[in-house]
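The values are calculated or read from the model by the stated rules, or taken from the named source; none is laboratory data. Here the structure is a predicted model, which is why all the values come from computation and not from measurement. Don't worry about glycine lacking a Cβ; one is built from the backbone with ideal geometry, like all the others, and counts go over all protein chains shown.
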Amino acid sequence: MTRKFSRFLLATVFVFSVAALAQTASADPGLPAAPSAASTPDPTVASTGNKIGTINIEQAIFASNEGQRDFEALSKKLEPKQTELKNMNDEVESLKKQLSTQGEKLNDDSRGALVKQVEDKQKRLERSVQDARDDAQTQQNEIAQRILQKMAPIIVKYAGDKGFGLIMDTSNPWPQGPVLWAGPSVDITKAIVDAYNAQSGVPAPARPMTAKPAATGTKPAAAPAATKPATTTPPPK
């Protein structure tokens, strides 16, 4: 992903067996209606194989043409909020600097008023950052769940066709995730992305993003860029 996309984080961790993937596509009431039974593979049939495979669900969602398109659109949508938060943070930092350099020269009333102004604006900034974080996370999760709902049957069909009985998610590296080690020969992420792109009909972006590496150890923060200022202690009277 670009640095802009590294500010986003999927809040839901996806760890499924082949059967659970099929159920996810239809059982979650918060997702759009599942594909019809005629187009959704029977998980009991699909899971008769005995091979174990891996997939980085998070990477697959971001790497799909649809994911790249929709997350790029979301990123552009959130740019005004990022600019607003930066301006608010700059204002707080400017007031802090003023308090630090001029505080001792001010009378008690003026210094107290400036301290209160810093505290009020900092609290407002912190609330705004949290609201922006929650909003961004909600919108990205909506995109991710929508794509997953359509991707799950493709995973089930591919796994069944290739003789897999279990697919493990590697989005979270061990020890946070369930997979200690797996060789590239059992990873089906690229195959699923290719199959999903072919079915979705969404063209590749002109400037495709770099998908999130499967073995990244540090999760990005789930918020538009903003610096949360530290509490300032006013100079002694």
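Summary table below
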| read-out | value |
| --- | --- |
| Residue selected from the range 86-130 under the condition among the polar types (S, T, N, Q) and within 34 Å of the chain's Cα centre (by Cα), by the criterion surrounded by the most Cβ atoms within 10 Å (Cβ to Cβ) | Q122 |
| Subset of the range 162-198 (residues that are touching a Phe, Trp or Tyr at 6+ places or on another chain (Cβ under 7 Å) and either buried (at least 18 other Cβ atoms within 10 Å of the Cβ) or over 10 Å from G53 (Cβ atoms) (or both)) | I167, D169, S171, L180, I188, I192, A195 |
| Residue within the range 199-214 that is under 23 Å from G163 (Cα atoms), surrounded by 11 or more Cβ atoms within 10 Å (Cβ to Cβ) and at pLDDT 90 or above present | yes |
| Number of the condition not met by G49 [criteria: (1) touching a helix residue (DSSP H, G or I) at 6+ places or on another chain (Cβ under 6 Å); (2) modelled with pLDDT of 50 or more; (3) under 30 Å from W181 (Cβ atoms); (4) among the small types (G, A, S)] | (1) |
| Residues satisfying the stated conditions in the range 52-75, i.e. of a type in the set (A, V, I, L, M), farther than 12 Å from I147 by Cβ and crowded, with 19+ Cβ neighbours inside 10 Å | I55 |
| Qualifying positions in the range 132-187 - in a loop (DSSP other than H, G, I, E, B) and either of a type in the set (K, R) or within 22 Å of the chain's Cα centre (by Cα) (or both) | T170, S171, N172, P173, W174, P175, Q176, G177, P178, V179 |
